[in-house]
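A short write-up of the structure that comes next.
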Amino acid sequence: MTDSENFKFPFPWNNSELLANEYAKDNYKIIRTGNKTGRAIIFCSGNGLYFPNTEAEFTGKIITNDRYEWDNLANDKRIMKYYELIIFIRDIYKQWYITGINSRINTVEKTADFLKDLTAGLEITTCGSSAGGYAAVLFAHFLKAERFFSLSGQFSITHQISSEAPFVLMNASNSAVNKYYDISNLHKGGYYLWPSECKIDIPQHELVKNNN
């Protein structure tokens, strides 16, 4: 693995104060619809949460607008009717949730436990695209979810050893973290949709194409 010291990290990962201030906040949103259906859905934001990676974009999307991917679906009457609990989570570092969602819930395991407590006794669905699709599969496994929806999600992040994935890079030899770098064996109980002509998605599909 490449040593992280060889990289000069671009924004936002080189602005620790700005990121740390937002990382200290919740970075989750909960909607209780009032409909007692026994079902919960968890929407996992991906790395498209803000783009491009500029301070202005981060400030506008995260600080000013408090953006979560899939947020617009919360207003859909069918979603509101079907689920009694809607949860949105985001990883503002855009590092496949390996540092959790905030400074208190700062690991994959703590995030899973947090979601498990919120959804206790409910049938669970997880959903996300790209890095959010990776998270949807990962947390569906921990929560024993009824199903997941992964749209162009990753099943291996070992290729993300670059200047734009500093935490993935710095934990490449950390077995407590890197054990989640390949989750292709967790692909069960859900739906995976991928663009068959996308060069980024083709190798991800190869990992799970024989899975049920």
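The values are calculated or read from the model by the stated rules, or taken from the named source; none is laboratory data. All of these numbers come straight from a predicted model, not from anything done at the bench. Ideal geometry is used to build each Cβ from the backbone, glycine not excepted, and the neighbour counts take in all protein chains shown. The accessibility values were calculated without ligands, DNA or RNA, using every heavy atom of the protein model including side chains. Shrake-Rupley method; radii C 1.70, N 1.55, O 1.52, S 1.80 Å.
Restricting attention to region 103-156, which residues are β-branched (Val, Ile, Thr) and within 21 Å of TYR23 (Cα to Cα)?
Residues satisfying the conditions are ILE105, THR107, VAL108, THR111.
Kindly check whether there is at least one residue in region 130-147 that is of a type in the set (Ser, Thr, Tyr) and surrounded by fewer than 21 Cβ atoms within 10 Å (Cβ to Cβ).
No; the residues of region 130-147 include none that is of a type in the set (Ser, Thr, Tyr) and surrounded by fewer than 21 Cβ atoms within 10 Å (Cβ to Cβ).
Taking ALA140 as meeting all but one of (1) at pLDDT 95 or above; (2) closer than 18 Å to TYR50 by Cβ; (3) of a type in the set (Gly, Ala, Ser); (4) touching a Leu at 6+ places or on another chain (Cβ under 9 Å), write down the number of the exception.
Condition not satisfied by ALA140: (2).
With the checklist (1) among the small types (Gly, Ala, Ser); (2) at pLDDT 95 or above; (3) open to solvent by 40 Å² or more (accessible area, probe 1.4 Å) in hand, flag the one item SER45 doesn't pass.
If we test SER45 against (1) among the small types (Gly, Ala, Ser); (2) at pLDDT 95 or above; (3) open to solvent by 40 Å² or more (accessible area, probe 1.4 Å), just (3) comes out false.
Take THR59 and tell me if it is over 22 Å from VAL137 (Cα atoms), open to solvent by less than 60 Å² (accessible area, probe 1.4 Å) and in a loop (DSSP other than H, G, I, E, B).
no
Looking only at residues that are in contact with a strand residue (DSSP E or B) (Cβ under 7 Å, 6 or more places away or on another chain) and open to solvent by 10 Å² or more (accessible area, probe 1.4 Å) in region 80-114, which one is farthest from GLU55 (Cα to Cα)?
Checking each candidate, the answer is TYR82.
Please state which one of LEU186, LEU151, LEU169 is closer than 26 Å to LYS25 by Cβ, surrounded by 15 or more Cβ atoms within 10 Å (Cβ to Cβ), in contact (Cβ under 8 Å) with a residue 24 or more places away in the chain and among the hydrophobic types (A, V, I, L, M, F, W, C).
Residue meeting the stated conditions: LEU169.
Counting just the residues of region 5-32 that are open to solvent by 30 Å² or more (accessible area, probe 1.4 Å) and touching a Leu at 6+ places or on another chain (Cβ under 8 Å), which one comes out modelled with the lowest pLDDT?
My answer is PHE7.
Would you mention how many residues in region 67-77 are open to solvent by 30 Å² or more (accessible area, probe 1.4 Å) and modelled with pLDDT of 95 or more?
2
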